[in-house]
Amino acid sequence: GEDVEQSLFLSVREGDSSVINCTYTDSSSTYLYWYKQEPGAGLQLLTYIFSNMDMKQDQRLTVLLNKKDKHLSLRIADTQTGDSAIYFCAESIGGSQGNLIFGKGTKLSVKP
Amino acid sequence: NAGVMQNPRHLVRRRGQEARLRCSPMKGHSHVYWYRQLPEEGLKFMVYLQKENIIDESGMPKERFSAEFPKEGPSILRIQQVVRGDSAAYFCASSPGTVYEKLFFGSGTQLSVL
């Protein structure tokens with residue numbers, strides 16, 4: 001079945017770049033998403049990439065997609081303490097609107 | 001433009017009681033989705049609704065759980081005879097309806113079953 005895997009923790013220093021990785025299994029995924037969840041809050045859509053793209057850049061965020069290896073990454077440049085949160089990778093399943101498959105989330109800790 | 005509104009934020013129920021969770025989608029959004037997040041887990045899809053219709057309930061437990069999105073008013077996720085294993089954060093999301101459109105999530109309802 002479908003599965004999305006992420007490492008559970010990442011710790012970086014303020015000002016460094018953060019790279020959060022994700023692997024997925026469904027080759028029919030149409031969109032892949034990165035969501036951010038701060039403590040006690042809902043999920044905030046950070047960015048998404050269509051499956052026929054390799055890269056998408058949006059200010060400090062860069063998404064890389066390797067469709068052959070089913071690998072997705074999110075790079076946050078100049079990481080700030082306000083970036084501390086849980087980051088979820090998700091894939092949409094072909095033919096099933098709104099049924100996103102989420103990873104368990106990567107907890108990013110940013111040390112001053 | 002208000003976002004997706006969920007209430008209550010926190011809900012405490014004793015085993016055997018009923019839980020009703022409400023979700024008002026973003027203005028102009030006609031598609032609603034419910035997800036459940038167990039502790040230390042990612043979100044799991046439960047159900048997808050349009051006004052007065054259940055489109056996909058493949059993630060809903062077969063018993064005790066039901067969802068509706070009436071013509072007027074919010075979407076309701078109803079859990080009858082709650083058990084401790086139902087304790088989780090329940091998130092609602094909405095979209096305008098374009099296929100594979102991005103979903104906008106509410107802040108969730110934290111259900112605690114004593």
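Here are the numbers:
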read-out	value
Number of the condition not met by B:Ser107 [criteria: (1) surrounded by 14 or more Cβ atoms within 10 Å (Cβ to Cβ); (2) part of a strand (DSSP E or B)]	(2)
Conditions (1) outside any loop (DSSP other than H, G, I, E, B); (2) within 18 Å of A:Ser11 (Cα to Cα): number failed by A:Gln44	(2)
Residues (within 14 Å of chain A (Cβ to nearest Cβ) and outside any strand (DSSP E or B)) located in the stretch B:60-74	B:Met60, B:Phe69
Some residue of the stretch A:59-70 being part of a loop (DSSP other than H, G, I, E, B), surrounded by 13 or more Cβ atoms within 10 Å (Cβ to Cβ) and either among the hydrophobic types (A, V, I, L, M, F, W, C) or within 11 Å of chain B (Cβ to nearest Cβ) (or both)	no
A:Thr47 closer than 21 Å to B:Glu40 by Cβ and within 13 Å of another protein chain (Cβ to nearest Cβ)	no
Residue list for the stretch B:1-59, restricted to those being among the hydrophobic types (A, V, I, L, M, F, W, C), under 25 Å from B:Ser87 (Cβ atoms) and part of a loop (DSSP other than H, G, I, E, B)	B:Val4, B:Leu38
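Per-residue answers, yes or no, for (1) within 19 Å of A:Gln6 (Cβ to Cβ); (2) under 14 Å from the mean Cα position of the chain (by Cα); (3) touching a residue at least 40 places away in the same chain (Cβ under 8 Å):
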| residue | (1), (2), (3) |
| --- | --- |
| A:Tyr35 | yes, yes, yes |
| A:Gly40 | no, no, no |
| A:Leu64 | yes, yes, no |
| A:Arg75 | yes, yes, yes |
| A:Thr81 | no, no, yes |
| A:Cys89 | yes, yes, yes |
| A:Gly98 | no, no, no |
| A:Thr106 | yes, yes, yes |
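Throughout, read-outs are computed from the coordinates displayed, never taken from laboratory work. None of these values were measured; they are calculated from a predicted model. No Cβ is skipped: glycine too gets one built from the backbone with ideal geometry, and neighbour counts run over all protein chains shown.
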